[in-house]
Every structure is written in structure tokens, then in C-alpha cells.
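To start, the structure itself, in C-alpha cells.
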Amino acid sequence: MKDPYGVLGLDRNATPEVLKAKYDELHAIYSEQRFKSGEEGNEGARKLQELEEAWIVICANIDHAESESAWHGDYGEVDELIRRGKYNEAQDILDGISDRNGEWHYMQAIVFYKREWLSESKTQLEMALREDPNNKKYRASLDKLEMAMKGGSSSGDRPHTAEPPPTYVEQPQSQPADMSNCLSTCCCAYCLTDCLCNAMRCC
């Protein structure tokens, strides 16, 4: 196939507006020419088909260029929102990023983890590794998450919630012994969860 930009008589540096104007101009010419008799009509039909095929490729390139330019920043803002417990805001930013590379999947994994959706967090870490197989941070995070899940956690099957995990407050000593033990266990579990998430981010 010919260079699609050459079919329009332009180069790749032409703006989308210039490309579209040239396409419209040639489309009108070839559409009229194809109805003429003899070889001239055949040539018009051939050029019209060639123009249409070239325009499909050019449109795809324009869409790709626009999606690439839609996200210029890093994931610092997403990370900060997660640290502040603003998971919905972090998710909104992630949803608006079309270039979903390894780091995108890694940050999505952290959001899912903080919402205690461990199975989905694991899936995102696996996708991050597929994008960047040699990334030690992604590998270490996945290994730690798998170890935590094998430790008997059942939270991976729970649907995620918009709220962060609850903070348990130690009750007065007058509580029954079984209640105190329950609170102590909850505190330990929550602290371990938070430590693991921090380790995921820092690896």
C-alpha cells in the first residue's frame, strides 16, 4: 500500500485540519471522476478507493496521537490521592488515562488493594508485569500480595467499596475479655494490611 499521506499529497507533519481539508477536496474530485466514461472513470474509481483506504489509516494515526497526548503527567497525583484515602478521585484520574501501561496497572492494583479487593489487585499486578516483565517493583508487590492471600485472607472475594478500611479504636478495659481479644485481632489485621500496601508502593 502506498504511503497514506502521499496519497493526499501531504506529509506526516500536516495538521489534522489540513489533512481533513485535503481529503474532502480529493474525495469530491474522484467521486465526480468515477462517473465518467472509459478509462478516466475507472481511474477515478481506483483513486477514490485508494483515498478511502489511506484515510482510514490516517484517522487511526490521528486518534492514537491524540490519546498519547491526553496524559502528560506522572502518577504522583494518583499516588498522593491514594495516600490521603481519596480512592474515588484516584480512580477518576486512572479512568481518564487511555495509555494503560505497566505503571497504570500498578497504580490500579494499589487502589483495588486499599479497597480490599485482593483478587482484582492481583490481576492488575499480573497485567503490569506483562507490560514490563523485568520490573522488580511489580514483581515484589505481586509476590507479597500472593503471600498475603495464601495466609488465609478471604477479602479478595468481596466487592470493593468506595470507603477506606475502617480504623478500629481500642475500647476501655471494662469490656468483656472476648471483646478485647476481638479488637486486638482486628487492630493487628488492619496494621498488617496497611504495612503490606505501603510495601507494595515502596518496592
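The values are calculated or read from the model by the stated rules, or taken from the named source; none is laboratory data. If you're wondering where the values come from, they're calculated on a predicted model, not measured in any experiment. The area values use the complete protein model at the heavy-atom level, side chains included, leaving out ligands, DNA and RNA. Shrake-Rupley method; radii C 1.70, N 1.55, O 1.52, S 1.80 Å.
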Could you provide, to the nearest whole Å², the per residue accessible area of the range 1-68 with probe 1.4 Å? 65 Å²
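Please give the contour-minus-distance gain from ARG139 to ARG46: 0.36 nm per residue of separation, less the Cα-Cα distance, rounded to one decimal in nm. Mind dumping the intermediate values first?
Values: separation 93, 0.36 × 93 = 33.48 nm, distance 5.33 nm.
Full extension of this stretch gives 28.2 nm more.
Please report the carbon-and-sulfur percent of the accessible area for the range 86-129; probe 1.4 Å, protein heavy atoms only, DNA, RNA and ligands left out.
Working: 640 of 1520 Å².
It is 42 percent, rounded to a whole number.
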Could you tell me which of rounded, prolate or oblate describes the range 20-138, using a ≥ b ≥ c as the square roots of the eigenvalues of the alpha-carbon gyration tensor, with rounded for a/c under 1.5 and, failing that, prolate when a/b is larger than b/c and oblate otherwise? prolate
